[in-house]
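Here the structure comes first, spelled out in structure tokens, and everything after it is commentary.
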Amino acid sequence: MSTTDLEDAVRAIVADGKGILAADETVPTLTKRLAAHAIESTTDSRRAYREMFFSTHDIAAFIGGVIMQDETIRQKSATGTPLIALLADRGVIPGVKVDEGAHPLAGAPGERVTEGLDGLRGRLEEYRQIGARFAKWRAVITIGDGLPTARCVHANAEALARYAALCQEQGLVPIVEPEVLMDGAHTLERCEDTTGHVLHAVFDALYDQKVSLDGMLLKPNMVIAGQDCPRQASVTEVAAATLRTLARHVPPAVRAVVFLSGGQDHLLAPSTSMPSISSAGRGRGS
């Protein structure tokens, strides 16, 4: 896929303010969700759960892309149609999570690095042949006493950049997701400083790996106080801090920003999410 094709895919995913549906929970995570409703987790029950969302009437009016995981992207619907084709036929662009989760960073207590680069080129090539058009990789950064360390930020930024370069090599749009976690008692101001530092490191690494910024999506955290912080910032403060951070640290060549909202109240998350700024027009958060 050429750079132009990647740019076209980016535009299609976030067209008209559409969001991205994250349907990429691991089997253990989805098993817990089903168990909470006394539903046995089987290959078929997990497929039925996913298909319920994917076959929703008019889903394409609101969802531009769906992130799946390895099991789901290979499954077929109850009628025998591949789930990836079920989405594509509705005008929704299929994607896939390709990282192998965050693991303890050696010699760095309390910090993690996302793994999964080994064999990634071959996996991306296979997913592209199956029909995926974008991929996702999530890095997690913890705020705490003396955290994050420069070592942790650098390790995760490098992994994100190498993943993104491999995606574009295989014709897939990379979603670059550096998430500063909301765990802890840090202030909004601390989150803003850390998020800016992380974004700066990530884009330095992307530049070094020759990643085309026009052909990627950024999926950062919103700038919010830690969930244990005594003073929780207002929606207006969060929106202002988030936009300020993006304006300072995200190059204008990035065509779209889609926000993660996990962990926030279901009313606050969509209230805080906002269209981001770009001459190309950026998408609303998922």
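None of the figures in this text is laboratory data; all of them are computed from the coordinates on show. In this text, all values refer to a predicted model and were calculated from it rather than measured experimentally. Counting neighbours? That spans all protein chains shown, and the Cβs are built from the backbone with ideal geometry, glycine included.
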Quiz item: If amide H atoms are built 1.01 Å from N in the plane of the peptide, which residues on other chains or at least 5 residues away come under 5 Å of the amide H of residue 256?
Solution: 218
Practice problem: Counting only C-alpha contacts under 8 Å and six or more residues apart, can you give the relative contact order of the chain as a whole percent? | Solution: 18
Quiz item: Which of the helices in the chain, when you take each full DSSP H run, stretch at least 27 Å along the axis at their Cα atoms and have an average Kyte-Doolittle score of 0.0 or higher?
Solution: 150-169
Practice problem: Using only alpha carbon positions, build the gyration tensor of the chain, then give the equivalent ellipsoid semi-axes as the square roots of 5 times its eigenvalues, largest first, whole angstrom. | Solution: 28, 22, 20
Quiz item: Sorted by packing (mean other beta-carbon atoms within 10 Å per residue), highest first, where do 169-182, 34-47, 234-247 land?
Solution: 169-182, 234-247, 34-47
Exercise. Would you mind giving the average projected area, over all directions, of the Cα convex hull of region 1-159 in nm² with one decimal?
Key: 11.8
Self-check item: Average Cα contact separation per residue, region 9-147, under 8 Å, 6 or more apart, as relative contact order %
Solution: 22
Exercise. Would you pull out the residues with amide H under 5 Å of residue 179's amide H, same chain only if 5 or more places away, H placed 1.01 Å from N?
Key: 139, 140, 141
Quiz item: Hey, how many Å between the Cα centroid of region 49-123 and the Cα centroid of region 1-27?
Solution: 12
